[in-house]
1. Just to be sure I follow: if Rg is taken over the C-alpha atoms of the stretch 231-274 and Rh is the Kirkwood radius over the same atoms, what is Rg/Rh?
2. Before I look further, what does the stretch 120-256 give for accessible area per residue, probe 1.4 Å, in whole square angstrom?
3. Average the reciprocal distances over every distinct pair of alpha-carbons in the stretch 1-157, invert the result, and give the Kirkwood radius in Å.
4. How long are the semi-axes of the ellipsoid equivalent to the stretch 238-375, from square roots of 5 times the Cα gyration tensor eigenvalues, in whole Å, largest first?
5. Amide H neighbours of residue 176 under 5 Å, counting only residues 5+ apart in sequence or on other chains, H built in-plane at 1.01 Å?
6. Net charge around residue 99, counting only other residues with Cβ within less than 13 Å of its Cβ (Lys, Arg = +1; Asp, Glu = -1)?
7. Got the relative contact order for the stretch 101-212 handy, in percent, Cα pairs under 8 Å and 6 or more residues apart?
8. With a Cα-only, solvent-free Debye model of the stretch 177-270, what are the log10 I(q)/I(0) values at q = 0.19, 0.25 Å⁻¹?
Amino acid sequence: MTSLALLGSEPAFAEPLHVGRPNIGNCESLKVRIDEMLKRRWFTNDGPFVQEFEHRIAEIIGTKHCVAMCNATISLEIAVRALELRGEVIVPAYTFIATAHALQWQEITPVFADMDPATHHIAPESIERLITPRTTGIIGVHLWGRPCDTQAIEAIGNRRGLKVLYDAAHSFGCSHRGRMVGNFASCEVFSFHATKFVNSFEGGAVVTNDDALAAKMRLMRNFGFSGYDRVIYPGTNGKMPEACAAMGLTCLEAMESIVAANRRNYEAYREGLADLPGVELKSYGLQERRNYQYMVVEIDEDEAALNRDELITVLHRENVLARKYFWPGCHRMEPYRSLQPNAYLLLPVTERIASRVIVLPTGTAVTAQDVGSICEIIRTAFALSEQVRHRLGSSEPGAVSCEYSTAEVA
Ligand code: T4K
């Protein structure tokens, strides 16, 4: 590769290459299930596919209960409510906005903790500093499919009388200290959104080993109905439709091959980005089970030839729609930005890392050859960094003219 689309060449990819292209599994199996569902005329309300999906999830991770829902955001809201959290709950600032919104939506204040720069996870020492008499809980997030420091978080929870749950939206199929994610704290929440390695179009689930909590959440996801004409609890509509469970079951059958494709791409990125100054592909390690669904790269602007935003612009021009998850951090998004304007002062690591991260495409729609081309684009961009900067209208390292620059949130 000798030039770049930004500098006038044809884009490397004729069609956009997305980060979250859905994995599908066996289309024929899905069609058979959808036919079955249509013949049965049972589309939602705890149907047979939903029950089978719940059974399979619980079996794979070894929990007593899996309560499937329409998405992970509603699952988080229901879990938070079932645990009777209120007042303030500590969450990482560096996560998808749904973690914070699930609290704010029910008038609980998310209090933002800083991160550990090595893992991108909530930093336990940051949690300690934020506890007040109004604090009732902690939500840890197993970001990128790598579990957070459950031992330290749960020790704080036990010591300070706080309930702990995990947003495990990224971590289905992963293990931690030899146990599958899903078995930690009071409960854990998975996402089966279209962009997740196992998807049910839209979907989520709360898993737990607590019988009473599971029973309460089953009521809550179905308006509080305990039988025909009998409502015994306040509830909402959090049900997973049968078509979604059909897709979830189909994807589960393909789970191992999806993980293998993700792992192959991860190895290809490792090879393709090796030894590039200022570029770190976050490692997954080999000791535990991982789903390898997020290819997370940190660009150190002091060492790399281009900064994160410059590189994103180059990639987008090549039709590689890399993402800046989870920039700029929840605390910099509304309503938190207005409600907690000084939150950033306690979040120096989040502020620094959020402006460095790029998430690159993977999944079954991305081949190892695609990954090779993406790495080649990055290498070429670094080699031609002066021309790239000139084209972007910035000669100073750190200056950017890309679509979403950090200036927007300053
Ligand atoms: N907690 C955490 C830590 C999470 O990351 C999430 C969700 C949640 C909680 C809440 O889970 P859910 O309530 O969604 O179950 C996407 C997903 O919508 C979201 O589920 C996910 N995390 C987040 C990390 O990514 P966006 O706003 O980036 O989505 P969007 O529409 O830009 O799609 C992402 C990429 O995927 C695009 O490049 C296009 C591609 N795509 C997407 C869809 C939906 C496809 O190719 N096909 C598709 O059908 O949030």
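The values are calculated or read from the model by the stated rules, or taken from the named source; none is laboratory data. Just so we're clear, the structure is a prediction, and the values are computed from it rather than from any experiment. Glycine also receives a Cβ, built like all others from the backbone with ideal geometry; neighbour counts cover every protein chain displayed. Please note that ligands, DNA and RNA were not included when accessible areas were found on the heavy atoms of the full protein model with its side chains. Shrake-Rupley method; radii C 1.70, N 1.55, O 1.52, S 1.80 Å.
1. Radius of gyration over Kirkwood radius for the stretch 231-274 works out to 1.36.
2. Value returned for the stretch 120-256: 36 Å² of accessible area per residue.
3. Hydrodynamic radius (Kirkwood, Cα only) of the stretch 1-157 equals 19.4 Å.
4. 28, 24, 14
5. Under 5 Å from the amide H of residue 176 lie the amide H atoms of 181, each far enough along the sequence or on another chain.
6. Summing Lys/Arg as +1 and Asp/Glu as -1 gives -3.
7. Relative contact order for the stretch 101-212 comes out at 17 percent.
8. -1.04, -1.25
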